[in-house]
Structure formats: structure tokens, C-alpha cells
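The values are calculated or read from the model by the stated rules, or taken from the named source; none is laboratory data. A quick note: this is a predicted structure, and the numbers were derived from the prediction, not measured. In this analysis, Cβ positions are derived from the backbone assuming ideal geometry, glycine residues included, and neighbour counts consider all displayed protein chains. Remember, those area values only see protein heavy atoms, side chains included, never the ligands or the DNA or RNA. Shrake-Rupley method; radii C 1.70, N 1.55, O 1.52, S 1.80 Å.
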Amino acid sequence: NELFLDVCESFRYGLMSYATAQETPREVRMQREIEKIPDNTAKYLRYLELSSRAPGAGVVVSVPRRRR
């Protein structure tokens, strides 16, 4: 009975570790956007534009003020 409990708990923890929603990787988002463009020159220009941006561009982080 105790062995069965361990198996069930292990399965539950394993399943829940995959259940969290994650953001799509940047490279995959870029590839999906570029694949929609029919013209190869426009594809390449859009690729250059997207890849020139810093990976964290557009991310806003708030830093709390220090208390004195």
C-alpha cells in the first residue's frame, strides 16, 4: 500500500511539473512570424530586424524604492 502511494505521488508531481504554462521561445515566435511572409527578400529583412533586437527588449521590470 505504501509503495502504491509513492508511485501515485511521483506521477502527480511529474504531471504537475509539465502542466505549467510557459512562454513560447523567442526563436520560435520569430520563425512563425517570418514563415507568414511570402517574399524571400522581405523575410530576410524582417529576420534582420527581429534578430537585431536585444532578447529582453520590451520587458519592463519595476524595482522597489529603498527605504531609509
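For the reader, a short list of remarks on this structure follows.
- Every pair of residues 6+ apart whose Cβ atoms lie under 7 Å, when the first sits in the range 16-36 and is more than 12 Å from ARG46 (Cβ to Cβ) while the second is outside any helix (DSSP H, G or I) and modelled with pLDDT under 85: ARG26/PRO55
- Scan of the range 20-44 for residues that are among the polar types (S, T, N, Q), in a helix (DSSP H, G or I) and open to solvent by 100 Å² or more (accessible area, probe 1.4 Å), ordered by number: GLN31, ASN40
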